[in-house]
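Step one of this worksheet: look at the structure below.
No value in this document is a laboratory result; all are computed from the given coordinates. Values in this document were obtained by computation on a predicted structure and should not be read as measured data. In this analysis, Cβ positions are derived from the backbone assuming ideal geometry, glycine residues included, and neighbour counts consider all displayed protein chains.
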Amino acid sequence: MPAEERGDRADFDGANLDGANFDGANFDWARLRRAADEVAARAYAPYSGLRVGAAGLCAEGHLVTGCNVENASFGLTLCAECGLVTTLVASGCTRLVAVSVTAGDGRPLTPCGRCRQVLMEHGGPGMLLDGGPGAPPQRLGDLLPGAFDDAELVSRRGQDPGGRPEEPEEPDQARRPEEPEQAGQTGPPGADR
Ligand SMILES: [Zn+2]
């Protein structure tokens, strides 16, 4: 059940969450940063040793967090921002307005390229990223200019089913007949190349 329907109190009472007009001024960035530090301590990072925590303020005034979860395959590692966005959606919150990402040391880490795109979907270009103590926050739109978004999907969808290239002019000649299987061929495809 969404947090608002449960009647949960907002974690950040008093934050001026006036729609798109949130400018980060007078916001308790230090508190958001501490929350990122705390969740970083629970990260699963046995390979890199870099524990990352992400804390976000959602439009409903709630605090959501996530940490990185590494994998022995390396490529399947989940960044802290992925967990943050999963928590946001699972909590029934609508969108992120402010995010702090740290390595548990009170200093901001910049989101990787993929996570900028992930955050863009759930925060938009006006979402603010913690700049650290004494530094101004950064707009996500400045970190990911020209982002791909759902407007591209809506406007370009269905123009060309499957995006297949045009048929060749003489399809019969363009297509090669299927080659018969060679006897005695064993092993996985490509193993003898
Ligand atoms: Zn990332």
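Brief remarks follow.
- Computed P(r) (all Cα pairs; the stretch 28-144; 5 Å bins; percent): 2, 14, 25, 26, 20, 9, 3, 0
- When DSSP beta bridges are restricted to pairs lying wholly in the stretch 28-144, around 85% turn out antiparallel.
- Restricting the chymotrypsin sites (Phe, Trp or Tyr not before Pro) of the stretch 34-116 to loop positions (DSSP other than H, G, I, E, B) with no more than 15 neighbouring Cβ atoms within 10 Å leaves Tyr47, Phe74.
- Net charge dipole size for the stretch 28-144 [Lys, Arg +1 and Asp, Glu -1 on Cβ; Debye, nearest 20]: 60
- Summarising the label geometry, the points placed 7 Å from Cα in the beta-carbon direction at Ala72 and Leu153 lie 3.5 nm from one another.
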